[in-house]
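Here's the structure we're looking at; comments come further down.
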Amino acid sequence: MAKQPKRSVPSQIKQTQTPTPAPSRLNVIFHGPFIFVFYDNRVEVMGADIEEHIVGAGTWTREIPCAPGIYHLTGIDPKSQDPLQPLPVEAATHAVIDAKKYTSIKVAQESYYKFVLDKPSSMSALGLMIPRSQPVFIGDDLDKVTVPDKFGSAHVLSYNIHGSDLLQLEGLQWLPSANVSNVINLHIFAESPFMLDLFHPNRDFSTMVAMLPGLKLGLSRPFPDIDFVPNTSAAAPLGISNSEEGGLRGLPPLANDLGNSQQDLEPPRICDAPSLVVINVADTVP
């Protein structure tokens, strides 16, 4: 009987999967009115005691309430950050006050909410709001503030990171989670979910300005009508989706090709009181 040839057994090919690289960017996105205070080695983001607002933080759509207090972001390597330009933010989209130039303006040592972060690689305005009329700001100290043609309803401080294991927002149970762009986005909201009246921005702003003793600045009453334009050119390269530029109630109507909003922008889809940026602040921490 003829000997049957042995069947060759195909060698098994090991299926290997390319491991997902560790996230290399963290974006901290603030929605609503805040004061961003730039010191030499850190940024302190101050939130006022606004009764109509709720404050929460966390991963997009999974934010949790924040109790008043001080929150420190840890796990950032300052040496990994890109050097900021002399002016850390774009003047065309931020209201900026130079504390070195205007020494009569002080920064309160206490605030209802305070988020302490390392200096970022960049800061950008998101959810751009374009006033349909001027003035937006009023007051004796109007000349001490850069008055942008448009300003952000949200602001992002972006960091270079190496993974996520060490990232923490101390005081909050936040588990860093990368999105589809393999970027970690931490959202912090301070907005009103209910108050819809036209003077809401004025109340927000006057309460916030009280944290800068000596500054005589307010908003036009009522606040001008505005158009909303997502700042896609800044958000997309950072791994921030269009929807993440919105507020507690999502995106307002987008501007059309002519730059006119399809509907009036009504609070509280976004909180339209402008934030303030204070640079060159003398440090109070030894």
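Order the following by accessible area, largest value first: Asp165, Asp141, Asp149. Probe radius 1.4 Å; ligands, DNA and RNA are ignored. Don't skip to the end; give the middle numbers.
Values: Asp165 145, Asp141 15, Asp149 115 Å².
Sorted descending by solvent-accessible area, the residues read Asp165, Asp149, Asp141.
Given a 1.4 Å probe and the protein chains all in place, what does the accessible area of Thr146 round to, in Å² to the nearest 10?
My reading of the accessible area for Thr146 is about 50 Å².
Cross-link partners among aspartates and glutamates for Lys101, C-alpha distance below 12 Å, same-chain residues fewer than 8 apart left out?
Result set, ordered by chain and number: Asp143.
At what distance in nm do the modelled label points of Leu198 and Val180 sit from each other, each positioned 7 Å from its Cα along Cα→Cβ?
Using points 7 Å along Cα→Cβ, the separation is 4.0 nm.
Just how large is the dipole of the chain about the Cα centre, in debye to the nearest 20, putting +1 at every Lys and Arg Cβ and -1 at every Asp and Glu Cβ?
1540
Let me spell out the model: positive unit charges on the Cβ of Lys and Arg, negative unit charges on the Cβ of Asp and Glu, origin at the Cα centre of the range 106-206. What dipole size does that give, in debye rounded to 20? Each step should come with its number before you reach the end.
Numbers: 7 positive and 11 negative charges, 32 e Å.
That gives the range 106-206 a dipole magnitude of about 160 debye.
Can you pull the one-decimal nm distance between simple spin-label points at His72 and Val229, each 7 Å off the Cα toward Cβ?
A separation of 4.1 nm, rounded to one decimal place.
In nm, to one decimal, how far is the Ser80 label point from the Val147 one, both placed 7 Å along Cα→Cβ?
Taking the two extended label points, one gets 4.2 nm.
Packing-wise, with mean Cβ within 10 Å as the measure, how do 151-160, 208-217, 172-181, 114-123 rank, highest first?
Ranking the peptides 151-160, 208-217, 172-181, 114-123 by packing returns 151-160, 114-123, 208-217, 172-181.
What angle, in degrees between 0 and 90 and rounded to the nearest 10, separates the Cα long axis of helix 200-209 from the longest principal axis of the Cα atoms of the chain?
The answer is roughly 80 degrees.
Counting only other residues whose beta carbon sits under 13 Å from that of Leu166, what net charge do I get with K and R as +1, D and E as -1?
Net charge in that neighbourhood comes out at -4.
Give me the percent relative contact order of the range 38-125, please, defined on Cα pairs under 8 angstrom at least 6 residues apart.
About 52 percent, as a whole number.
For the range 74-157, what is the accessible area per residue in Å² when the probe is 1.4 Å?
Values: 3940 Å² over 84 residues.
About 47 Å² of surface per residue is accessible.
Nearest 0.05, what FRET efficiency do Lys101 and Ile138 give at R0 = 22 Å with Cβ-Cβ as r? Can you show the working numbers first?
Values: r = 21 Å, r/R0 = 0.94.
Calculated transfer efficiency: 0.60.
The values are calculated or read from the model by the stated rules, or taken from the named source; none is laboratory data. Source: prediction; values computed, not measured. Reconstructed Cβ throughout: ideal geometry from the backbone, glycine too, with neighbour counts over all protein chains shown. What goes into the accessible areas is simple: the full protein's heavy atoms, side chains included, and nothing from ligands, DNA or RNA. Shrake-Rupley method; radii C 1.70, N 1.55, O 1.52, S 1.80 Å.
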